[in-house]
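The numbers here are math on the coordinates, done by the rules we state, and not lab data. Please read all numbers here as calculations on a predicted model, not as lab measurements. FYI the Cβ positions are ideal-geometry reconstructions off the backbone, even for glycines, and counts take in every protein chain you see.
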Amino acid sequence: MKLGKVIGNVVSTISVEAYKSRKILVVQPIDPTGKASGKSVLAIDAVQAGVGDIVLTLEEGNSARQIINEPGAGTVKHVVAGIVDSVNLK
Amino acid sequence: MKLGRVIGRVVCTKKVDSFEGLKLLLVQPVDENRNPQGDALVAVDTIQSGPGELVYYETSKEAGRVLETTMNPADAAIMGIVDELFIDKSL
């Protein structure tokens, strides 16, 4: 999973089955100090994350399907799986 | 999953059988500010995305499952059309 910051969202009424009635977030990956690092990705929200939240983004199909287990979920790979409260660097 | 803009269509008469009947669109990946980012790719479309439309696509095995019934060998497929894209520039 990757640390990221939710920088926006996508509204989409026409999509394949598993993406219908799902919130799609735009996530900017960040390094442990919070600085943007890498390209933004889209992910399905599974934890009611909002813009500005620091989140955990999961990028693997089988894991995604443990979270989103419904018809057509075979097409899901990116999921926001957690909202981060704090990152403690040792 | 990435944002992309549909910039064209690809027609192949000679192709593997399991591609039969599938629409192949040319997609230019774009970043959250809609600027082109990376090389164009060919993605299967099952939701009638049109030229110029902003879409989002997924790659690898997940793309092969856009048809409920049969797997297809595609490694990129359009998953939906973007109606609105909201980006908070202050973040």
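Summary table
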{"item": "Candidates A:ASP53, A:ASP45, A:ASP31: whichever shows maximal mean-square fluctuation once chain A is modelled as a Gaussian network with Cα springs under 10 Å", "result": "A:ASP31"}
{"item": "Fluctuation leader among A:ALA49, A:ALA64, A:ALA36 - chain A, Gaussian network, Cα springs under 10 angstrom", "result": "A:ALA36"}
{"item": "Debye intensity ratio in log₁₀ form over the Cα atoms of the range B:2-81, taken at each q of 0.15, 0.23, 0.26 Å⁻¹", "result": "-0.47, -1.05, -1.28"}
{"item": "Out-of-range pairs (alpha-carbon distance over 23 Å; input A:LYS35/B:LYS2; A:LYS5/B:LYS89; A:LYS2/A:LYS39; A:LYS39/A:LYS90; A:LYS20/B:LYS14)", "result": "A:LYS39/A:LYS90; A:LYS20/B:LYS14"}
{"item": "Whole-number percent relative contact order across chain B, with pairs defined as alpha carbons under 8 Å at least 6 apart", "result": "29"}
{"item": "Separation between Cα centres of the range A:19-55 and the range B:9-50, rounded to whole Å", "result": "25"}
{"item": "Ranked list, fewest to most other Cβ atoms within 10 Å of each Cβ, for A:LEU25, B:LEU22", "result": "B:LEU22, A:LEU25"}
{"item": "Given charges at beta-carbon only (K, R positive; D, E negative), |dipole| of chain B in Debye", "result": "300"}
{"item": "Max mean-square fluctuation residue, GNM over chain A, Cα-Cα springs under 10 Å, options A:LYS77, A:LYS23, A:LYS35", "result": "A:LYS35"}
{"item": "Nearest-20 debye value, chain A charge dipole, Cβ charges on Lys, Arg, Asp, Glu", "result": "160"}
